[in-house]
Amino acid sequence: MPGEVSAAGDGLATRDRVLAWDAALAAVRGQLRAAGLREVSTSIRVDAVALEPWIEPLASGEKLLATSPELAMKRLLCRGGGSMFQIAHVFRAAERGAQHSEEFHLIEWYRDQQARLEGITPGMQDVERIVAAVFEAVGAALGDRVRERLPAPTRWRRVNLLALMGETLGVQLVGNESAEALAPLLDRVRAAGGVVLAAGESGPHHLGLGPDVARLLAWTELFSLWSAHTFDPWLAGLPPDVGVHVERFPASLAALAELEPDERCTAARFESHVGGIELANGYRELRDPVEQRRRFEHVAGIRAHVGLPPLPMPDAFLAELEAMPASVGVALGLDRLVALACGQPRLDQIRLL
Amino acid sequence: MDVSDLKKNSKLEIDGQPWVVTDFQFVKPGKGQGLYKCKIKNMITGAVIDRTWRSGERLTDADVESRKFEFLFSTGDAYTFMDSATYEQVELQADLAGDEAKFLMDNLSVDILFYNGRPVGLTLPSHVTMEVAQCEPGVKGDTATGATKGATLQTGYEVQVPLFIKIGDKLKIDTRTGAYVERVND
């Protein structure tokens, strides 16, 4: 019925939500197929997920709900599956907010780069094309019924994350500082961000942790607080039609990305932001199973430290990883992109039900 | 409780004081640590501060409850209230009652806040009706100019009122702003 408003609260009427999602899904598929990627659909219930700090899976019987289709798709790549994409339902416990939902749609794609090492630029270009296509398709589907829509990005800037962090914090950062070296900076950023330390948390950092685990914990917290209190306002100060790719992540925040071979302090990772909203995260994929296991173990170390239950090690994925071709992989939050293209500030304003 | 259970109106104990979450925002940058950016209000002093918690932190629930009581009398340094159903009496120290005390009249129904079983504060109804004890003589007919004069109400509270108000009039007062709203006809 025209004009009907969905039970999910304010935001778009149900008919417009259906039109927007239909347009967005078709636009994403059109873009990625035209680029030669094949669509796959892997299991939602999985034996193991990638271990990442502060990404918590939901259980489903004996198994887990996928937090991302990354491991499954990489196994397909290892077996010669070639460039592919998926529009996956993914689940992350306790992520609830204007821009978060425990269940959301992730567009995940991998470009098999064979022997070429083009870096992460092709992934950024894919993001730009998908964003443009979804803005255009959703705009055409909704016409002028939704006013105050954000302009589609017309320009994209590449931003050096480490340099921007250093500049805004008034320090020099190389990307592999230890937890001890970061401690004074972290305390300063905590105070600026309204964080008050629990008893026993201050002083020498994360006592009793191995240096790699402590470093991961410290960098993750520093990056999070800096993002919320410095980077988000910085993004908000840009003209609305400027998209941003942030690159040169510190090595400790490499997650599943390769390190830059020239200096090993930063990772071949980027994040894409539109209208101040983080949309996508891309890597030149790490293919070294020993290094990948080490990083998963660091996350397991954090989990044990903060009292989270252990997660299964993704052994099946690690056993195959060595065969993976050089690839760039990207994950893009489709719900956020639809909300942006519809001019709606919250995910519940565009959710179908 | 775990910080992920935080909601608007969650009541927390921090440094021995009860706080209520009045504003709440979850952000989680990149593959980062979730942050719960909150505004919290001290349930005793009313002070509002910003506070951010990080994923993985644990918080303490505040043991607070609110119950209806009627005002009985003041001893100067404390106010006594009674539960009209059980006749139970409680005493609230004057410094905890704060500015709200200027509206306390016989039998006024208020919410008394208990923290760990002790009365620590009171919440007034949003509006009360109070009698004018003292003011300049009323000026008839002058309702349009917006001019005001001072008036002292039955509890000693002083408020600006329109010129036509006279001694013995009953006035509706907004307790949140302290302002005169209208004259109430018996």
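The values are calculated or read from the model by the stated rules, or taken from the named source; none is laboratory data. Bear in mind that the values here come from a model prediction, so they are computed numbers and not experimental data. Positions of Cβ are backbone-derived with ideal geometry, glycine not excepted, and every protein chain shown enters the neighbour counts. Remember, those area values only see protein heavy atoms, side chains included, never the ligands or the DNA or RNA. Shrake-Rupley method; radii C 1.70, N 1.55, O 1.52, S 1.80 Å.
Take the alpha-carbon centre of the range A:277-307, take the same for the range B:58-87, and report the distance between them in whole Å.
If you average the Cα positions of each part, the centres end up 53 Å apart.
State, as an integer percentage, the relative contact order of chain A based on alpha-carbon contacts under 8 Å between residues 6 or more apart. Intermediate values should be presented prior to the final figure.
Working: 637 pairs, mean separation 91.0, N = 353.
Value for chain A: 26 percent.
With a 1.4 Å probe and all protein chains left in place, how much of the accessible area of the range A:221-353 comes from carbon and sulfur atoms, in whole percent?
Answer for the range A:221-353 is 57 percent, counting heavy atoms of protein chains only.
At a cut-off of 50 Å², which residues of the range B:36-55 become less accessible once all protein chains are present than in their chain alone, using a 1.4 Å probe?
SASA drop of 50 Å² or more in the range B:36-55: B:51, B:52, B:54.
Do any residues of the range B:18-35 lose at least 20 Å² of accessible area when the full set of protein chains is present rather than just their chain alone, and if so which, with a 1.4 Å probe?
B:26, B:28, B:29, B:30, B:31, B:32, B:33, B:35
With +1 on the Cβ of every Lys and Arg and -1 on the Cβ of every Asp and Glu, and nothing else charged, how large is the dipole of the protein assembly as shown about its Cα centre, in debye rounded to the nearest 20?
1440 debye
Relative to the Cα centre, what is the charge dipole magnitude of the range A:169-301, using +1 at the beta carbon of each Lys and Arg, -1 at the beta carbon of each Asp and Glu, and rounding to the nearest 20 debye? Could you put the intermediate results ahead of the total?
On the way: 11 positive and 19 negative charges, 34 e Å.
Value, rounded to 20: 160 debye.
To test your reading of the geometry: what angle, between 0 and 90 degrees and rounded to tens, separates the Cα axis of helix A:211-226 from the longest principal axis of chain A?
So the inclination is approximately 40 degrees.
Evaluate the range A:145-284: find the radius of gyration of its Cα atoms, find its Kirkwood radius, and give the ratio Rg to Rh.
On the way: Rg = 16.5 Å, Rh = 16.2 Å.
In the range A:145-284, Rg relative to Rh is 1.02.
Give me the accessible area buried between chains A and B, both sides summed, with a 1.4 Å probe, in Å² rounded to the nearest 100.
Summing both chains' loss of accessible area gives about 2000 Å².
Counting just the Cα atoms, what span does the range A:50-123 cover along each of its three principal axes? Round to the nearest Å and put the largest first.
Projected onto its principal axes, the Cα set of the range A:50-123 covers 40, 30, 22 Å.
For residue A:140 paired with residue A:121, estimate the spin-label separation in nm (one decimal), with each label point 7 Å from Cα along the Cα-to-Cβ line.
3.0 nm
Exactly which trypsin sites (Lys or Arg not before Pro) in the range B:119-186 are in a DSSP loop and have at most 16 other Cβ atoms within 10 Å? Walk me through the numbers before you get to the answer.
Numbers: sites: B:140, B:149, B:166, B:170, B:172, B:176, B:183; in loops: B:140, B:166, B:176.
Counting only loop positions with at most 16 other Cβ atoms within 10 Å, the trypsin sites (Lys or Arg not before Pro) in the range B:119-186 are B:140, B:166, B:176.
Using only protein heavy atoms and a 1.4 Å probe, report how much of residue B:177 is accessible, in Å² to the nearest 10.
The accessible area of residue B:177 comes to roughly 100 Å².
Would you report the distance distribution of C-alpha pairs in the range A:1-109 as whole percents per 10 angstrom bin, up to the bin with the largest distance?
Pair shares across the bins are 13, 34, 33, 17, 3.
Which three numbers, in whole Å and largest first, are the semi-axes of the equivalent ellipsoid of the range B:3-54 derived from its Cα gyration tensor as √(5λ)? Show your work: numbers first, answer last.
Values: eigenvalues 97, 18, 16 Å².
The three semi-axes for the range B:3-54 are 22, 10, 9 Å.
With a probe of 1.4 Å, find how much accessible area the range B:1-154 has per residue, and write the answer as a whole number in Å².
50 Å²
Say a site is exposed when it is one of the GluC sites (Glu not before Pro), sits in a DSSP loop, and has at most 16 other Cβ atoms within 10 Å; what is then the longest site-free stretch of chain A?
A:264-353
Mind pulling the angle between the C-alpha long axis of helix A:179-192 and the longest principal axis of chain A? Nearest 10 degrees, somewhere in 0 to 90.
50 degrees
Size of the dipole of the range B:3-54 about the Cα centre, Lys and Arg at +1 and Asp and Glu at -1 on the beta carbon, nothing else charged, in debye to 20? Display every interim value, and only then the final one.
Values: 10 positive and 5 negative charges, 54 e Å.
Roughly 260 debye, rounded to the nearest 20.
If r is the Cβ-Cβ distance from residue B:134 to residue B:23 and R0 is 51 Å, what FRET efficiency results, to the nearest 0.05? Show your work: numbers first, answer last.
Working: r = 42 Å, r/R0 = 0.82.
Rounded to the nearest 0.05, the efficiency is 0.75.
Return the sequence-ordered ³J(HN,Hα) values of the range A:298-311 in whole Hz as given by the Karplus equation 6.51 cos²θ - 1.76 cosθ + 1.60 applied to θ = phi - 60°, using x for Gly and Pro.
4, 5, 4, x, 5, 4, 5, 4, 9, x, 7, x, x, 10
May I ask you to rank A:10, A:126 by accessible area, largest first, using a 1.4 Å probe over the protein chains only?
Correct descending sequence by accessible area is A:10, A:126.
Indicate, rounded to the nearest 5 percent, the antiparallel portion of the DSSP beta bridges found entirely in the range B:127-184.
On the way: 17 of 17 bridges.
Restricted to the range B:127-184, the bridges split so that about 100 percent are antiparallel.
Give me log10 I(q)/I(0) at q = 0.31 Å⁻¹ for the range B:127-184, Debye formula, one equal scatterer per alpha-carbon, no solvent.
-1.46
To the nearest Å, what is the center-to-center distance of the range A:8-72 and the range B:7-36, using C-alpha atoms only?
28 Å
Projected onto the charge dipole of the range A:133-282 (+1 at Lys/Arg Cβ, -1 at Asp/Glu Cβ, origin at the Cα centre), which of A:230, A:161, A:173 gives the Cα projection farthest towards the positive end?
It is A:230, whose Cα lies furthest towards the positive end.
Please list, ordered by chain and number, the residues whose modelled amide H lies under 5 Å from the amide H of residue B:62; skip anything fewer than 5 residues away on the same chain.
Hits under the 5 Å cutoff: B:11, B:12, B:13.
At what distance in nm do the modelled label points of residue B:60 and residue A:62 sit from each other, each positioned 7 Å from its Cα along Cα→Cβ?
4.4 nm
Measuring from label point to label point, each 7 Å out along Cα→Cβ, what is the residue A:132 to residue A:154 span in nm?
About 1.3 nm, to one decimal.
Express the accessible area of the range A:1-97 per residue in Å², computed with a 1.4 Å probe while the remaining protein chains stay in the model.
46 Å²
Have a look at B:165, B:78, B:128 and report the one farthest towards the positive end of the charge dipole of the range B:77-186, computed about the Cα centre with Cβ charges (Lys/Arg +1, Asp/Glu -1).
Projecting each Cα onto the dipole axis, the largest value belongs to B:165.
Distances longer than 35 Å among the Cα atoms of the range A:14-349: what percent of all pairs is that?
It works out to 20 percent of all Cα pairs.
Pick out, from B:148, A:279, A:50, the residue whose Cα sits farthest towards the positive end of the charge dipole of the protein assembly as shown, with +1 on the Cβ of Lys and Arg and -1 on the Cβ of Asp and Glu.
A:279
Mean projection of the alpha-carbon convex hull of chain B over all orientations, in nm²?
That works out to 14.5 nm², a quarter of the Cα hull's surface.
Only loop residues by DSSP count here, and only those with at most 12 other Cβ atoms within 10 Å; note down the trypsin sites (Lys or Arg not before Pro) in the range A:51-127 that meet that.
Those that pass, being in a loop and sparsely packed, are A:79, A:116.
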